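Below you'll find the structure, written out as structure tokens, and then a few comments.
The values are calculated or read from the model by the stated rules, or taken from the named source; none is laboratory data. Computed from a prediction, not measured in an experiment: that's the story for all the values here. Heads up, the Cβs are rebuilt from the backbone with ideal geometry, glycines too, and the neighbour counts pull from every protein chain shown.
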Amino acid sequence: MNAANPTMGNSSRYNTVAGFLLYLFIAISYVVNAMDRSVFAQLTTYVKRDLHLSLSEAGFVTTVFAIGFGLTGFVAGYLLDRYKRKNVLVVGMLIYSIFTILMALSSGFFDITLYRLITGIGEAMQQTALWTMAGVIFARHRNLSLGGMNCAYGVGNFLGPIIGIEIFLHGSMSWHLPLYVFGIIGIIYALLILFFLPQDFSEYGKEEARLQVIADKVKNAAAATNPYFTTRSITIALALVGIANLLSGTVNYSYLGLYPTFLKAHLGFSPTDAAVATSMYGIGGFTGLISGYLADKYGERIIIFIALACSIVAGVLMFNVATELWEQVILSLIFGSFTSGFLFVNLYALTQRVVPAQHVGKGSGVASSAHYIGAGFSGAIFGALVTGMGWGSASLIIMVVLPVLAGICIASIKVPPKQV
């Protein structure tokens, strides 16, 4: 991937190698984020026990960060238009890292819920900044670039449960210690980004996009009259892809929030075995690079349809058929591949595609908000359904009905041609 974007007018001073290394530098911050986020689900059983929570309350605490994420995503898109992307990223990392540490000091449902909610605010700021950088700086290969970011998230999602449970097991079985460790790691890496990420890299294309908006207004250029980019068409497209993203987020985080609990409480897995099975989801995220390449070649929509179908099959088998560790490992890998590696990446890319180039930041904010608003309530919803009808029936509602509705939304979108 070359950091120079031929659509932006001025070429970047960074060659391919330097651009890739800087891309890797910011991508590692997403690894840190994923480790921080994913470790809590492994600790939910013990938090539930020590803080005397119900299953629905424990599920809500696990995924409540996504409500803060969803509400902040819209705002983060506007922050990126007004402030430096790097600063938004760093502040976001500091917020979720500090409040991860505070979670370890919680004494009950309300304070741990509040702290977990605020971590989502920081995560939204970081993710929106990261994915905007990836989508703009490497616009010619946007899907591949976003797929790489998701691959980084997969690395963190793989490492987080394994490292976290080892810290837990070797730290007097205390669920507090992993939160301290991951919070401190986040603070350290945020400071590295602050001092060592070049501003002309993080802000690449911002000024050129602003000038292009002015030029379009003066010349009444095609971008201003493009039938795909009328106010009505943009609103409809964003609403449809937003609903699909919301439903996808609900499915994804129903799994992420309560899957470890399902393995331990329903199937009787040990903490280590549950962590191994859950970590396979993170490895599945590595397929983001493949899905990005395929989407650049064939378009996002066909990839989304395939991902939805495969996630339905994996989800049904996971919660209704498989009982052995090796079966859960394979299904978790498949589920992670298609929900994280394929579905999330291409829903995000499609959201950026249905808006004009100068509004990619706002599009990223919409994508983040839609996905995580659904995710925020997923733990409580799934937990309540499980309490009322059992794991099998509840999983059919989450893993089948919601993806089908998401597919209907995607099929209804009028997708514009590529802008780069």
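Miscellaneous remarks
- Among the residues of the range 99-131, those identified as of a type in the set (Gly, Ala, Ser) and surrounded by fewer than 22 Cβ atoms within 10 Å (Cβ to Cβ) are 104, 106, 107, 108.
- Within the range 314-354, tally of residues that are of a type in the set (Ser, Thr, Tyr), surrounded by 24 or more Cβ atoms within 10 Å (Cβ to Cβ) and more than 15 Å from residue 371 (Cβ to Cβ): 2
- Taking each residue of the range 92-118 that is farther than 18 Å from residue 175 by Cα and looking for partners that are at pLDDT below 95 and acidic (Asp, Glu) with beta-carbon atoms closer than 9 Å, six or more apart or interchain, yields 92/123; 93/123; 95/123.
- Figure legend. Inter-residue proximity from the range 121-147: first residues closer than 20 Å to residue 291 by Cβ, second residues part of a helix (DSSP H, G or I) and among the acidic types (Asp, Glu), beta-carbon distance below 8 Å, spacing 6+ or different chains. Indicated pairs: 141/296; 142/296; 143/296; 143/300; 144/296.
- Selection count where residues are on the phi > 0 side of the Ramachandran plot and part of a helix (DSSP H, G or I), scope the range 279-299: 0
- In the range 63-98, the residue that is farthest from the chain's Cα centre (by Cα) out of those that are closer than 22 Å to residue 113 by Cα and surrounded by fewer than 23 Cβ atoms within 10 Å (Cβ to Cβ) is 98.
- Residue match in the range 262-278 (condition: over 20 Å from the mean Cα position of the chain (by Cα), within 24 Å of residue 66 (Cβ to Cβ), among the aromatic types (Phe, Trp, Tyr) and surrounded by fewer than 24 Cβ atoms within 10 Å (Cβ to Cβ)): yes
- Search result, residues across the range 368-386 that are touching a helix residue (DSSP H, G or I) at 6+ places or on another chain (Cβ under 6 Å) and β-branched (Val, Ile, Thr): 373, 386
- As a summary of the residue check, residue 1 satisfies the conditions (1) in a loop (DSSP other than H, G, I, E, B); (2) at pLDDT 85 or above; (3) surrounded by fewer than 19 Cβ atoms within 10 Å (Cβ to Cβ) except for the one numbered (2).
- Listed by first and then second residue, the pairs linking a residue in the range 240-258 that is touching a residue at least 12 places away in the same chain (Cβ under 8 Å) and among the small types (Gly, Ala, Ser) to a residue that is surrounded by fewer than 24 Cβ atoms within 10 Å (Cβ to Cβ) and not in a helix (DSSP H, G or I), with Cβ atoms under 9 Å apart and 6 or more places separating them unless they lie on different chains, are 244/413.
- Restricting the range 239-261 to residues that are among the β-branched types (Val, Ile, Thr) and closer than 16 Å to residue 320 by Cα, the residue that is farthest from the chain's Cα centre (by Cα): 261
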